[in-house]
Amino acid sequence: MSEKGRIAAIKGTKDILPQEARKWQRVEVTAKRIFELYGYREIRTPIFEATELFKKGTGETSDIVIKEMYTFKDKAGRSLTLRPEYTPSIARSIIEHRLHLQPDPLRFYFIGPMFRYDKPQKGRYRQFHQMDIEVFGEKGPAVDAENVEMADYLLKALKVNETEILINSVGCQECRPSYLKELKEAAEKRRSLLCEDCQRKITTNPLRIFDCKVETRRETARDFPMIIDYLCSECEEHFEEFKSHLDSYQINFIIEPRLVRGIDYYTKTTFEIISSKLGAQDAILGGGRYDDLMKLFGGPDMCAIGFAVGMERLISLVPHSKVSENFLYLAFMGDEAQRQGMALARFLRQNDIECWMEYKERSLRNQMSRANKLGASWVLIVGEEEIKSRKYQLKNMSTGKQVEVSQEDIIKVIREFS
Ligand code: AMP
């Protein structure tokens, strides 16, 4: 609370005001259309879940679980967490509703808020929004490439240019243990040069050392062994085929051997799309495979892949396009005119015509100037004369032309013009 008793938004959260919300709506409509073109269907799950779900899914050693979760006890003493990411909720939902036993493809999308108690900065919030894509039960690398291709198409459709696609493989249960042994040894030798957090990661989660948040210490990991050189034949083949599918799509990519992603469950493919226009937090979206997650939750042995788009970051890159308002302003004089005006407005709205009325007492002149200022396309005047004759004055604000119309004619005139 500020000194004057005013209550401000919580640090790390922000309001999306109507002007900006229009842009959000446009992005969401485009994204939903594209996701559905690839056979994805929307799924919605609760904002909070049992804390256990994220501990198990996101991973006990991930930064999200260690430092960033909004966890609280409810009145019955249960430990709940505001979701920091979406994948564990979807896995839970599939298992709970036995969706894998149905014939529908397991392709889901979701759009909504996430919560992470992270240090707020440009492009990093405590409540932020993601669009999430998940495919379950597709083992081959073709779907990995299709995910990247869809993300690329989405960005192009939204006119977000100058992006880079980074890809990597983080191996699997077969090849990762021997690699981690080598990585730990290398990190141990350079222990004193690592930041405090990364020193802890040597034993808890060495792969995550490549994600070091301390810029001055990040260089230390430059010459550490990289997972890409230790892949087993299955992971190697998967990665080669993934790349060759991207080539067939004519999609350019960069292999980034340090792209390990911040969540514990990834296997094989990982990818990110970044933009240099974003500054330090440059990832617009990121994802990868998680073939072991369903098993971990006691579900079927079912592989999966997906990605999450950061909405705030994406929207900051989408160019503004002026949305021209197209509405009718209904001006009236007196109580009876208001009553008839309200009925008319109802009729117009039910016929798909956006209609604004303001119920403050204002002169006709005043209402005309309001309509002008607000950018109305049409003004409909309902005065004493009009009530009696049931004929109204309809003014086209762009041509200045005014015509007398009946209720039905209003719609005809407007439709003919547009
Ligand atoms: P992640 O779930 O960490 O893989 O993140 C996926 C995407 O979500 C990132 O590429 C970012 O665009 C976005 N993102 C992650 N954390 C935040 C945050 N704290 N604030 C805003 N966007 C975020």
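The values are calculated or read from the model by the stated rules, or taken from the named source; none is laboratory data. Keep in mind the model is a prediction, meaning the values are calculated, not measured. Here Cβ is always computed from backbone atoms with ideal geometry, including for glycine, and neighbour counts include all displayed protein chains. Calculation scope for accessible area: heavy atoms of the full protein, side chains included, ligands and nucleic acids excluded. Shrake-Rupley method; radii C 1.70, N 1.55, O 1.52, S 1.80 Å.
The single residue among 160, 143 that is modelled with pLDDT of 95 or more and under 30 Å from residue 10 (Cβ atoms) turns out to be 160. Does residue 190 satisfy being touching a helix residue (DSSP H, G or I) at 6+ places or on another chain (Cβ under 7 Å), within 16 Å of the ligand (Cβ to nearest atom) and of a type in the set (Lys, Arg)? Considered against the rule, which asks whether it is touching a helix residue (DSSP H, G or I) at 6+ places or on another chain (Cβ under 7 Å), within 16 Å of the ligand (Cβ to nearest atom) and of a type in the set (Lys, Arg), residue 190 comes out as no.
Among the residues of the range 182-203, those identified as open to solvent by 60 Å² or more (accessible area, probe 1.4 Å) and not basic (Lys, Arg) are 182, 185, 188, 192, 193, 196, 203.
Return yes or no: is residue 92 at pLDDT 95 or above, assigned to a loop (DSSP other than H, G, I, E, B) and open to solvent by 40 Å² or more (accessible area, probe 1.4 Å)? Answer is no for this residue.
Set side by side, the residues 56, 32 differ, and just one is out of contact with any helix residue (DSSP H, G or I) (no Cβ under 9 Å at 6 or more places or on another chain) and either over 29 Å from residue 99 (Cβ atoms) or open to solvent by 50 Å² or more (accessible area, probe 1.4 Å) (or both), which is 32.
When the range 352-366 is filtered for residues that are under 40 Å from the mean Cα position of the chain (by Cα) and either on the phi < 0 side of the Ramachandran plot or at pLDDT below 95 (or both), the ones remaining, listed by number, are 353, 354, 355, 356, 357, 358, 359, 360. Of the residues screened, residue 279 is not one that is among the small types (Gly, Ala, Ser) and within 11 Å of the ligand (Cβ to nearest atom).
If you go through the range 153-165, how many residues are more than 16 Å from the ligand (Cβ to nearest atom) and either part of a strand (DSSP E or B) or free of Cβ contacts under 8 Å to residues at least 60 places away in the same chain (or both)? Going through the range 153-165 one residue at a time, the tally reaches 2. Is at least one residue of the range 285-303 of a type in the set (Phe, Trp, Tyr), within 14 Å of the ligand (Cβ to nearest atom) and farther than 21 Å from residue 213 by Cβ? Taking every residue of the range 285-303 in turn, at least one turns out to be of a type in the set (Phe, Trp, Tyr), within 14 Å of the ligand (Cβ to nearest atom) and farther than 21 Å from residue 213 by Cβ. Looking at residue 66, is it in contact (Cβ under 8 Å) with a residue 60 or more places away in the chain and not charged (D, E, K, R)? Spelling it out, it is not the case that residue 66 is in contact (Cβ under 8 Å) with a residue 60 or more places away in the chain and not charged (D, E, K, R). Does residue 172 satisfy being open to solvent by less than 40 Å² (accessible area, probe 1.4 Å) and within 17 Å of residue 264 (Cβ to Cβ)? Considered against the rule, which asks whether it is open to solvent by less than 40 Å² (accessible area, probe 1.4 Å) and within 17 Å of residue 264 (Cβ to Cβ), residue 172 comes out as yes.
Scanning the range 96-114 for residues that are in a strand (DSSP E or B) and either near the ligand (Cβ under 9 Å from one of its atoms) or of a type in the set (Asp, Glu) (or both) turns up just one, 114. Condition check for residue 262 on (1) modelled with pLDDT under 95; (2) open to solvent by less than 10 Å² (accessible area, probe 1.4 Å): one failure, at (2). Helices (runs of 4 or more DSSP H) fully within the range 271-386 that include at least 1 residues being touching a strand residue (DSSP E or B) at 6+ places or on another chain (Cβ under 7 Å) and closer than 30 Å to residue 93 by Cβ: 293-296, 311-317. Hey, does the range 134-152 have a residue that's open to solvent by less than 20 Å² (accessible area, probe 1.4 Å), within 13 Å of the ligand (Cβ to nearest atom) and either without any contact (Cβ under 8 Å) to a residue 40 or more places away in the chain or of a type outside the set (D, E, K, R) (or both)? Yes.
Taking the listed residues 274, 263, the one that is within 16 Å of the ligand (Cβ to nearest atom), farther than 28 Å from residue 185 by Cα and within 26 Å of the chain's Cα centre (by Cα) is 274, with no other qualifying. Screening 321, 316, 418 for residues that are of a type in the set (S, T, N, Q), within 16 Å of the ligand (Cβ to nearest atom), in contact (Cβ under 8 Å) with a residue 40 or more places away in the chain and open to solvent by 50 Å² or more (accessible area, probe 1.4 Å) leaves exactly one candidate, 316.
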